[in-house]
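Single-structure report; data block below.
Read-outs: derived from the displayed coordinates by stated rules, not from any lab. These numbers come from a predicted model, not from an experiment. Cβ placement follows ideal geometry from the backbone for every residue including glycine, while neighbour counts extend to all protein chains displayed.
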Amino acid sequence: MYNLVMKDLKLAISPFFLILPVLLGALMLIPGWIYFLVILYFCWITVPVMFGQFRAQNDLLFTSMMPITKKDIVKARVIVMVILELLHVGVAMIFSVVNIYLYPDLTHFFFGPYMGFWGLCFIMLAIFNVIFISMYYKTAYNFGGSALVSIPAAMLFAGVAQWIGIASPVVSDIFNGSGVHNTELQISILAAGIVIFVALNMITYRIAVKRFLKVEIL
């Protein structure tokens, strides 16, 4: 499994996508921005280009020639996706700490870069994964349809969550008002987001394996 993951990270994925999280994470320094966009760039740029490279390199046929099972192929790809997502979120969180120190008195109209917000980001990525990966492994080759469904779904979640955050005084207070100083509340929201992220990725893996076992690799 380790070798499969490293094969993707070292051979199949351009080093640019390991640097991109730093470039995108720096967008967290923009005061009062829509910070969901920082994470959505992963869905818009990284995933389509990465899976396009997999197809161009005929990675599926190459990987299937190795003495490994289809379950291992799916597991390794899910792990790689999660690693890249955690890299994007982790770097963005570091920049968000800098943001908070640079603009301590800034009044946020959109979600501020606090811990609770990152819980929502984990849920958004979980929704993206469960749709994209599950649909992709119907063929393990075509990713266009998966992207066309999963990207709008992630954007819809972000849009609805942000609208509620603006329209509801209670939610606005939790994510931008006095709630940001309630450490226990913020950690609880972040923890809930991480739990949902882990649970949905486990479900995603099982669905993808079930579908991939029916795919004939030529």
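Taking 7 Å along the Cα-to-C-beta vector as the label spot, tell me the ARG206-GLN57 distance in nanometres, rounded to one decimal.
3.1 nm
Can you check how the C-alpha radius of gyration of the chain compares to 2.2 N^0.38 Å, as a plain ratio?
1.08
Roughly what would the spin-label model give for ILE19 and TRP163, points 7 Å off Cα along C-beta, in nm?
Each label point lies 7 Å from its Cα, and together they span 3.9 nm.
Which ³J(HN,Hα) values in Hz, rounded to whole numbers, follow from the phi angles of region 200-205 under the Karplus curve 6.51 cos²θ - 1.76 cosθ + 1.60, where θ = phi - 60° and Gly and Pro get x?
My calculation for region 200-205 gives 5, 5, 5, 5, 4, 4 Hz in order.
Between ALA154, ALA76, ALA56, where does the largest GNM mean-square fluctuation fall for the chain, given springs only between Cα atoms within less than 10 Å?
Among ALA154, ALA76, ALA56, the largest GNM mean-square fluctuation belongs to ALA56.
Name the most mobile residue of ASN182, ASN129, ASN201, meaning the one with the largest mean-square fluctuation, in a Gaussian network model of the chain with Cα contacts below 10 Å.
With Cα springs under 10 Å in the chain, the top fluctuation among ASN182, ASN129, ASN201 is at ASN182.
Taking 0.36 nm per residue of sequence separation and subtracting the Cα-Cα distance, how much length would be gained by fully extending the chain between ILE187 and ASP72, in nm to one decimal?
Here the answer is 38.0 nm.
Where does the chain land at 222 nm, in deg cm²/dmol rounded to the nearest 500, when only DSSP H runs of n ≥ 4 count, each adding -39500 (n - 2.57), divided by all residues?
It comes out at -23000 deg cm²/dmol, rounded to the nearest 500.
Mind counting lysine pairs for me in the chain? Cα separation below 15 Å, and the two need to be 8 or more apart along the chain or on different chains.
10
Assuming R0 = 25 Å, can you tell me the calculated FRET efficiency for the pair ASN142 and VAL5, based on Cβ-Cβ distance, to the nearest 0.05?
Once rounded, the FRET efficiency stands at 0.60.
Angle between the Cα long axis of helix 47-56 and the longest principal axis of the chain, 0 to 90 degrees, nearest 10?
The angle comes out near 10 degrees.
Give me the percent of Cα-Cα pairs in region 40-85 that sit more than 15 Å apart, rounded to a whole number.
Looking at region 40-85, the distances longer than 15 Å represent 51 percent of pairs.
Estimate the FRET efficiency between ASP105 and TRP44 by the formula 1/(1 + (r/R0)^6), using the beta-carbon distance for r and 30 Å for R0, to the nearest 0.05.
According to the calculation, E is roughly 0.40.
Anyone know which of ALA26, ALA199, ALA191 comes out most mobile in the 10 Å Cα GNM of the chain?
Greatest mean-square fluctuation among the candidates belongs to ALA199.
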